[in-house]
Structures are given as C-alpha cells and as structure tokens.
1. Looking for something more than 16 Å from ligand 1 (Cβ to nearest atom), in contact (Cβ under 8 Å) with a residue 60 or more places away in the chain and more than 11 Å from chain A (Cβ to nearest Cβ) - is there at least one such residue anywhere in region B:9-24?
2. If I ask for residues that are in a loop (DSSP other than H, G, I, E, B), more than 7 Å from every other protein chain (Cβ to nearest Cβ) and more than 30 Å from the chain's Cα centre (by Cα), which ones from region B:67-94 would you list?
3. Within the bounds of region B:182-196, is there any residue that is within 16 Å of ligand 1 (Cβ to nearest atom) and over 21 Å from A:Ser184 (Cα atoms)?
4. List the pairs whose first member sits in region A:182-201 and is at the interface with another protein chain (Cβ under 9 Å from one of its Cβ atoms) and over 21 Å from B:Pro161 (Cβ atoms), whose second member is of a type in the set (Val, Ile, Thr) and open to solvent by 20 Å² or more (accessible area, probe 1.4 Å), and whose Cβ atoms are under 6 Å apart, counting only residues at least 6 apart or on separate chains?
5. B:Leu47 passes all but one of (1) more than 20 Å from B:Arg212 (Cβ to Cβ); (2) open to solvent by less than 20 Å² (accessible area, probe 1.4 Å); (3) within 14 Å of chain A (Cβ to nearest Cβ); which number fails?
6. Take the residues in region B:11-58 that are under 18 Å from B:Gly77 (Cα atoms) and assigned to a strand (DSSP E or B); name whichever of them is nearest to ligand 2 (Cβ to nearest atom).
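The values are calculated or read from the model by the stated rules, or taken from the named source; none is laboratory data. The shown structure was predicted, so the numbers you read here are calculated from the model rather than taken from an experiment. When we count neighbours, we look across all protein chains shown, and the Cβ atoms used for this are built from the backbone with ideal geometry, even at glycine. The accessibility values were calculated without ligands, DNA or RNA, using every heavy atom of the protein model including side chains. Shrake-Rupley method; radii C 1.70, N 1.55, O 1.52, S 1.80 Å.
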Amino acid sequence: MTTFERHSLTPWLLLAPQLVVVAIFFFWPAAESLRQAFYVQDAFGLGERFVGLANFQHVLASPGYWHAFGVTALFSLLVAAGAMGLALLLAVLADRVLHGARLYRVLLTWPYAVAPAVAGLLWLFMFDPVLGVLTHALAAIGVHWDAQLDPGQALALVVIASIWQQMSYNFVFFLAGLQMIPASLLEAAAIDGAGPFRRFFGITLPLLSPTAFFLLVMNSVYVLFETFATIDSTTLGGPGGATRTLVYKLYEDGFVGRDLGGSSAQSVLLMILVGVLTFIQFRYLERRVAY
Amino acid sequence: MATLTCRQLVKTYKGGQRAVDGIDLTLEPGELMVVVGPSGCGKSTFLRMVAGLESISDGELRIGGTLANQLEPAQRGVAMVFQNYALYPHMSVFDNMAYALKLQKRPREEITRRVREAAALLGIEALLERRPRQLSGGQRQRVAMGRAIVREPRVFLFDEPLSNLDAALRVQMRLEIRRLQQRLGASMLYVTHDQVEAMTLADRLVVLRDGRIEQIGTPMSLFETPASCFVARFIGSPAMNLLPVTQADGRARLPGGLILDTEALETEIIETAPETKADTAASADAAEPPAAATLGVRPEHLRLDPQGEFAVTLEMIERLGVDALAYCRLPGLDAPLTARLPLATLEAAALREGSEIRLAVDGPLHLFDAEERRVARRARLSADTSAATSSIA
Ligand SMILES: Nc1ncnc2c1ncn2[C@@H]1O[C@H](COP(=O)(O)OP(=O)(O)O)[C@@H](O)[C@H]1O
Ligand SMILES: [Mg+2]
C-alpha cells in the first residue's frame, strides 16, 4: 500500500496528457454549451444576452423538434432491434461453426473498424439511384429505389447503414457471451428433455441477458450520437426531415442556422434524455437480467 | 433383464481417433458399476455415448432392452450428474430440479411432491428457493443429484462428480452416493479416475485403457487377481511393486540376486473383456502357460524379516499414522521397492533412512508374461545359490 501512496503524483503525471485532451475537447465545450443554452447570440457571434429558460421553451414548443424526436425514437428502435437481433443470429451461427471459425469471426467484426461516415458512403453508393448495385437489384424485382426522394427509403438507408455498423460490435459481445456458457448446461437441458428451441429460449437467452442489456444501453447511446456521421454523409437529414434525428437537427440549427442558444439547449436536452434512458434501463431492466 | 447392455461400442472422433474401441459390458439392475482409468482413456466419451451426447460410431447400446443407438438423450431414460454440476444459474434450486418434469408437462402437484421428496432425501429442503451461486460446492453437488433423482431414471450416469470437492467432502459425498444408491435400488454407471473412489464405491469395477476394457470384476477380485500389469499398477494404493524377470542359465532371475520358481496352476478364472477372456482360457488349456516376464508383489504383502529374501536399503519413510511406507532400493531395480509396514515395528527396530534391511514376502505373488498379461502360475522366491550350483556342474 505504502508504495502506492508515496508515488501518488506519478499516476497523475502519466494521466495528464489524456486529461488535458479530455478537458479541452470535452469538458470545456460541454460547459460552454451548457452556458450558451441560457443566452441568445446575435447573428455574427459578437454579442449575447441572458434569456433564462427562453431557449428551452422555444425548442420544446417547436413542432420541428418533436418531429425529430419521433424520427429518433423510430430510428433507435429499428437500429437497436435490427443490430442486436442480427448480431445474435450471426453469433449463434458462428458459435456452431467448427471449421474456419476464426475467419468468420474476423470478417464479421470488420465493419466496426469502418468509420461511420465511410460506412454511410458505402451504402450510399450501393443504393445510388443511378449507379447503385442494390438499386439495380431492386429494380429487377420491381422496386423503384430513390432515397433522395422517398422519405421511407431514406430512413431505410440510414437504418441499414447503422445496423451494419453496430452489428459487428454486438456480434463480438454476443459471441463472447455464448462461449462463456458451459456446454454441459445445454447438454443437461438436452437430457432433461429440452429440444434445440427450448434450450435456446430457456437456457441460452436468459444467460445472455446481461450481455444483451449492456448492448441495449450501448446501442441507445450509439443511435443518439454516433449516427450523426452516417446521416451527414448520406441523406443530410432529408428528404423533408425524414432522417433528421435529434443530434442532426441540433447540428443544423447550430452550425447551419447559427442559432447557438437553441442548439445548446437541444444538446442539454439530449444529454438529459441519455441520462434518463440509461437510468431507466439500469433501474428496471437490470433487475430482471441479474441472476 | 439387464438395465444396460453395450456390445462392441466404438467411438471414432473426426480425425480418426478411436476414443472408445469396442466396449462390452452389462449393467445389472440395482448395480453400481464404476468405470475407472487414467485421464484420456475414453471414460467420458463412453459415458456421453450412453447419455446420447456423443453419437455411436459402431456397436450396439441397449437400455432396458431397447436399442438406444439413435434415441435422443431425453428418450433414453438416463440422468447425468456432471463434473461441474451444470446447474442452470438463472433458476432456483426448485426450478432446476423441476425442469425435466415441467418439460414433461406433469401436473403441478406431482412436480412439487417429487421435488420435495428428492430434496428431503438429500437434506436440501431449506435450499429450494436459492440460486445455484448461493450454494457451496457440496450443496451444488446435492442439487445436481437431486435433479437426477427427481426424474426417476432407469440409469444414473456420473462423470467424475466429486473431482471439484475438497478431500473431506469427497469422502462424505462418496458415502452419501452409496447410501442413496442402496436406498433407491438405482442402477448407476459412475466414471472416475480416482482408484480409491472406484474401489470403495463399486459393486463391479471396469478398468479402461486406451478405449478398451482391461478387466471387469468386483473391486476385491481386481485387487487380488489383476489381469494385467496395467490393472496391477492402477488398482491399489500404493501401487504394486513390479519387478522384471530375466532368464539366465535356464533359471528365472530377479533383481537383487533372487531366483523365481514357478509351477503351472490348473486354471485361474479372471473376468476380463470377452476377447481377452478367450486368451486367458486358451493359455489355461495349454499344457504350459507362458513364462513370467514380470513379478508383482503388493507393498502390503512385504514384511520386515531378518531371513527375508529381499536385501534392500531403506531410502525414505512416509509415516501414514498407524503404518508407514518404506521406499527401498533393490540393486538392479530402478524404481523403489515399496513396503507398507506397521510404524511400530519400524520404530522398534530403530530404522531410518539408510538402514540395510531385509523384507520377506507375506502374501500372494503375481506373475505377468511378456505381453503384461497375468500368467496362471504359482511362484516361489529363493535366494540365488547358482554360484554353488554352477560350480558343481
Ligand atoms: N470432441 C472430441 N474430438 C476429438 N477428440 C476427442 C474429443 N473428446 C475427447 N477426445 C479424445 O478422446 C480421448 C478420450 O477422451 P475422454 O473420453 O474425455 O477421456 P477421459 O474422460 O477418460 O479423460 C482423448 O484422447 C481425447 O483427446
Ligand atoms: Mg473425463
């Protein structure tokens, strides 16, 4: 113990570079945004005036905000369900593979290494109205695809790109979770008379629930923040706001519309939303998955 | 009708390894049969084939008279207790024990009654609401047995169920399994690598080596008449002393300048796997059984005697309490010659490491041929007088 105490300065010195970076690029802007949420700025950013909660009132009263809220909720639901469901399916299949298992795992993990903006572009190309491979494939089965015009298709495009990205992350965790389940548990269940489906739903799934819970929290945060790049590189929130999520609207209002006060108020609301969601998940879901 | 019959059971894993290589055995109703052998000899594979967790490559498995090769695990009427217990961590003890009955859609009252009966039998009624992680190792072990008992299976299968327990608990659970087995009249197939566990539990013992049966019999018959050097080494603790026999000047000689005289026995019946039984019968029928290549004598059958045949140097003493193990060096023998001697006699003779002592054989000698199979001969040891003999010749 004493050796640790005596050198109490060393760890701080070692941490210093990281802490400085975090302070400059995270805490400072966050504090600044919190402050700005209570001010209005003039269009040139030269002067500002304290307005109390007026920014929040304005944001919460605008139909555009609630529209973005609805888009975000739908988007989150689709991405979390899609990315987790697909990842679980692939993990279960990869867990059974006996030969070349490693290759499958590496290949399925790769998409996570692709930057969200690049992932968005990849899917944008594949779904390009003129050149896209998938557009042609869809045309062959009689579907006219143009994500720049059709709001539903635009949403589908960003949902697919986001699922594709997040799926890898979930896959790694689900696979690790599956491999932690001792084979003898499933064998005992088989002897007890449980068929493959009962074993999956009665043994495997409950034992994966802590993993699934963790991923649900992670996916929610991912959808609320990280999908910005995907949207910005593909649909730009359009058409007609069909893919304008809360984080994208915040960006538009602040950096395109130059409404810094309103944008800051939205970012504070977003942080509160994440906090509340995480709290609810921990409070109510974790109790059900702990064993 | 036999509870379980195996005929030439074979398991070939992908890659061609024959983990189980032609097992023949019959488990009688109410019998506790222990399969014992060193790690990797195919015990688990064999048990899992019976349970239906591994496919059967060749041969025939009958459970309660019906062919079971292709049956699903649940249809075989077997229950298995795993080494790591394999309790469902997200279910209470009650639900763990009730799982199979629930899947069979038994009435709720019947499930409750059967679980409570099994729990009472094992003394775990107070634990029914707990989760497995809230239990000690011994309690988990009981729950795992309870889960098996509730199902009222035709055969209980145990795969090294006590290996994860500490020594004291192991002895206690061993007695408990035996008590339960007798109380329920259950048929059990029990796998272990621990020969003490095997000896103390078994009605009949099966010694497995490289996927083949080396010998089947009651623990005492295996102890008294091991069919091979392998069984001789494996059964009994400390292990039997094995001394090489060499032929020179027309006489059978042992390390330490001893002469071995043998005379053929009429017959000697050893229960082994059928094909080796045929071998033994053939050699017994033959006029002259094969010559001995190895002589075995158990450490318990050596005693301190100034006129003893073995002149040895005492190298190390292990005190066990009442007895002591004396590890001695016999000239010409690499391994130590082990004797189990009463501690009192050692102390009375004021013996310690380095003392020159003589040991006499006070019990049966075991002979094995060049193939390490038991030889049906009676043996006698004597000191070498060949120097005199050859001078006369
Ligand atoms: N799934 C498997 N695939 C290939 N070989 C296996 C498999 N399981 C066991 N073996 C091999 O079969 C032999 C017997 O194994 P096992 O039955 O587990 O032995 P034991 O239980 O007696 O220690 C070992 O050599 C082991 O390496
Ligand atoms: Mg084993």
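1. Of region B:9-24, the ones more than 16 Å from ligand 1 (Cβ to nearest atom) are B:24.
Still in the list and also in contact (Cβ under 8 Å) with a residue 60 or more places away in the chain: B:24.
Narrowing further to those that are more than 11 Å from chain A (Cβ to nearest Cβ): B:24.
Taking every residue of region B:9-24 in turn, at least one turns out to be more than 16 Å from ligand 1 (Cβ to nearest atom), in contact (Cβ under 8 Å) with a residue 60 or more places away in the chain and more than 11 Å from chain A (Cβ to nearest Cβ).
2. First pass over region B:67-94, keeping only residues in a loop (DSSP other than H, G, I, E, B): B:68-72, B:77, B:82-92.
Now restrict to residues that are more than 7 Å from every other protein chain (Cβ to nearest Cβ): B:68-72, B:77, B:83, B:85, B:87, B:91-92.
Across region B:67-94, the qualifying residues are B:Met91, B:Ser92.
3. Pass one, region B:182-196, residues within 16 Å of ligand 1 (Cβ to nearest atom): B:189-195.
In the following step, the residues that additionally are over 21 Å from A:Ser184 (Cα atoms) were identified as B:194-195.
Within region B:182-196 (the criterion being within 16 Å of ligand 1 (Cβ to nearest atom) and over 21 Å from A:Ser184 (Cα atoms)), the answer is yes, since at least one residue qualifies.
4. Cβ pairs passing all conditions: none.
5. (1)
6. Applying the first criterion (under 18 Å from B:Gly77 (Cα atoms)) to region B:11-58 yields B:26-33, B:46-56.
Pick out the ones that are also assigned to a strand (DSSP E or B) and you get B:26-27, B:32-33.
Values: B:Thr26: 22, B:Leu27: 19, B:Leu32: 19, B:Met33: 16 Å.
Looking at the filtered set, the residue picked out is B:Met33.
So that you can scan it fast, the table gives a plain yes or no per residue for (1) open to solvent by 20 Å² or more (accessible area, probe 1.4 Å); (2) closer than 14 Å to A:Ala190 by Cα:
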{"position": "B:Ile63", "(1), (2)": "no, no"}
{"position": "B:Glu72", "(1), (2)": "yes, yes"}
{"position": "B:Gln75", "(1), (2)": "yes, yes"}
{"position": "B:Met80", "(1), (2)": "no, yes"}
{"position": "B:Gln83", "(1), (2)": "yes, no"}
{"position": "B:Pro89", "(1), (2)": "yes, no"}
{"position": "B:Lys105", "(1), (2)": "yes, no"}
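Each row is one residue, and each column tells you yes or no for (1) open to solvent by 30 Å² or more (accessible area, probe 1.4 Å); (2) within 16 Å of ligand 1 (Cβ to nearest atom).
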| residue | (1), (2) |
| --- | --- |
| B:Ala98 | no, no |
| B:Glu109 | yes, no |
| B:Arg130 | yes, no |
| B:Val143 | no, no |
| B:Val150 | no, no |
| B:Pro161 | no, yes |
| B:Leu165 | no, no |
| B:Ile177 | no, no |
